[in-house]
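What follows draws every value from the coordinates through simple rules; no lab data is involved. Because the structure is a prediction, the values reported are computed rather than measured. Here Cβ is always computed from backbone atoms with ideal geometry, including for glycine, and neighbour counts include all displayed protein chains.
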């Protein structure tokens with residue numbers, strides 16, 4: 001609700017669509033923030049890292065629904081220019 005109240009737009013990004021479709025959605029929507037469960041964070045970082053056409057350049061932050069994000073994941077995200085924040089921190 002906070003997203004809608006602040007004028008944001010929600011985009012459904014299904015991990016079952018595959019890497020090319022996810023990159024396409026990120027590129028078309030200029031997606032800057034992804035909110036997801038922690039088990040998907042590594043996949044998102046890999047999508048940006050393996051992006052030969054830089055279609056995910058706008059992606060700059062991930063909000064994790066879980067509080068415990070491993071340090072190696074935080075380091076990998078930082079290397080890709082992605083800041084990880086937990087949902088508790090957002091609240």
Self-check item: GNM top mover of 59, 74, 17 - the chain, alpha-carbon springs below 10 Å
Solution: 17
Exercise. Return the label of the correct value of semi-axes √(5λ) of the Cα gyration tensor in Å, as calculated from the structure shown, out of [x] 29, 13, 11; [y] 37, 17, 8; [z] 19, 18, 11.
Key: [z]
Self-check item: Inter-probe distance in nm under a simple model that places probes 7 Å from Cα toward Cβ, at residue 33 and residue 5
Solution: 1.4
Self-check item: Helical mean residue ellipticity (222 nm; -39500 (n - 2.57) per DSSP H run of 4+; nearest 500) of the chain
Solution: -10500 deg cm²/dmol
Quiz prompt | Kirkwood Rh in Å, taken over all unlike Cα pairs in the range 41-91 | solution = 11.2
Practice problem: List the relative contact order of the range 42-83 as a percent without decimals, with contacts defined as Cα pairs under 8 Å and 6+ residues apart. | Solution: 52
Quiz prompt | Cα centroid of the range 55-69 to Cα centroid of the range 24-39, whole Å | solution = 8
Practice problem: Springs between alpha-carbon atoms under 10 Å, Gaussian network over the chain: tell me which of 34, 62, 11 tops the mean-square fluctuations. | Solution: 11
